[in-house]
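Notes to accompany the following structure.
The values are calculated or read from the model by the stated rules, or taken from the named source; none is laboratory data. Here the structure is a predicted model, which is why all the values come from computation and not from measurement. For neighbour counting, all protein chains shown are included, and Cβ atoms are generated from backbone atoms with ideal geometry for every residue, glycine included. The accessibility values were calculated without ligands, DNA or RNA, using every heavy atom of the protein model including side chains. Shrake-Rupley method; radii C 1.70, N 1.55, O 1.52, S 1.80 Å.
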Amino acid sequence: MHKSVQRIRYPPFEYSHMNAGGVPLVEVVMESDNPPPPSFRIGMDDDWMVEWRRCKDDDPEWPVIQSDVSTDPFPFLMSTRDGWYIEPDPLHSLARRLIPPTASILILTLLIHTMEPGLVNIGVLSEAIAGSYRIGPLDYPKLLLVALPIFLLPIVSRMFANLRDIRRQNAYIASPLDSPEISLANEGNGIRIVRLVMPLEVMASRARIQVGIAVPERSKVLEALSRDEGGQPAPGMSTQLPERRITTGEELGTGVGEATPMPIAHPRVLLLEPMRVREAGEWVDFKGGETSYYLKGPGDLWPGSIYSAVIAVHWELVIEAIRDDGTKMKWVRPLKMPPREGLEHIPTLPVRSGRTELST
């Protein structure tokens, strides 16, 4: 039986609203039949961080948990991060950016309306602007009639974007795509695409590789923190949903809110959920006539592919493409990267938004 130390403080769905130091640091001794990977550490103890190393004589008596350790992706990653995915409508991102200014306009309008008599008396505001319209038996302030449609703009934009996403997903279900024929070779801190044949109705535009840390298994986190299921969740965790899987974070209870805009009922999710911890290499454009492409990994040297219940280092290839009907697509394939010895400490854990429209 092999033993190793795992320490992780994984960012919650809305990590920007939480102080990292206030989230419990999960520290466990992992027991497995398979040996652990070479030691690595990303992040600092007072921030979001992940560490996997061999046990030391002076280590505290942390909880001991058992888990499989494998270089092959676990089933939940294969079911959510493998295959073709539809790019969400860009209106989602626009709607999200419009919320702060439109809400500010509405608040300012309400503030002006409360001070309307005084502003009119001192001449700052004219009666023509501060007056009201009579619609039926009631009077409505003019400023609110202008501000309210502006405030509703993000909601309306989101509705249109969701409708278009649903239409694209239904179109894909009616006519699914075959997977590309591809041959890969590991090369240094990256991979080389030796051969790539896309389906006839799809044109690939560019590709990159990326690496991230998957969401820890909920039961193991609760066990490490000495908490019971059904009780108060740990900071940064939500109550576990009783229904079927919707997104990774929602099912595991480590995410709150809307990770993907509006997935429809289908055995496989067609909108790619972002990894909240992720670093990517540079995009490489596909050029006519070239048959081999080298995709370099992130600037920092990350550990190779390794999976356990608490820490899972996941590598994947992402190819952006456009279907003949104009739909923007992504093809994602997990990668098996070899272990790396003598890794240097990476001082910052690259954290991303849990929302698809905000994760870049």
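Some observations on this one:
- The calculated 222 nm mean residue ellipticity attributable to helices in the chain amounts to -7500 deg cm²/dmol, summing -39500 (n - 2.57) over DSSP H runs of n ≥ 4 and dividing by all residues.
- Val269, Val332, reordered so the largest accessible area comes first (probe 1.4 Å): Val269, Val332
- Normalised contact order of the chain, rounded percent, pairs of Cα under 8 Å and 6 or more residues apart: 26 percent
- Cα-based helix-to-principal-axis angle, 142-174 vs the chain, degrees rounded to 10: 40 degrees
- Cut-off 17 Å, label 7 Å out along Cα→Cβ of Asp57, residues of the stretch 17-51 by amide N: none
- For the pair the stretch 35-78 and the stretch 186-241, the centres of their Cα atoms are 16 angstrom apart.
- Across the stretch 147-212, the convex hull enclosing all Cα atoms gives 164 Å³ per residue.
- Spacing of the two label points (7 Å from each Cα toward its C-beta) at Asn19 and Asn186, in nm: 4.2 nm
- Relative to the longest principal axis of the Cα atoms of the chain, helix 91-114 runs at roughly 40 degrees.
- Normalised size of the chain, defined as Cα radius of gyration per 2.2 N^0.38 Å with N residues, equals 1.21.
- Probing with 1.4 Å while keeping every protein chain in the model, the per residue accessible area of the stretch 5-121 equals 51 Å².
- Using C-alpha pairs below 8 Å separated by at least 6 residues, the relative contact order for the stretch 1-108 is 27 percent.
- For the options Thr109, Thr327, Thr348, a Gaussian network treatment of the chain with springs between C-alpha atoms closer than 10 Å singles out Thr109 as fluctuating the most.
- Sites matching GluC sites (Glu not before Pro) across the stretch 28-82 that sit in DSSP coil, with at most 10 neighbouring C-beta atoms within 10 Å: Glu61
- Bridging of Lys336 to lysines at a Cα separation below 17 Å is possible for Lys296, once same-chain residues fewer than 8 apart are set aside.
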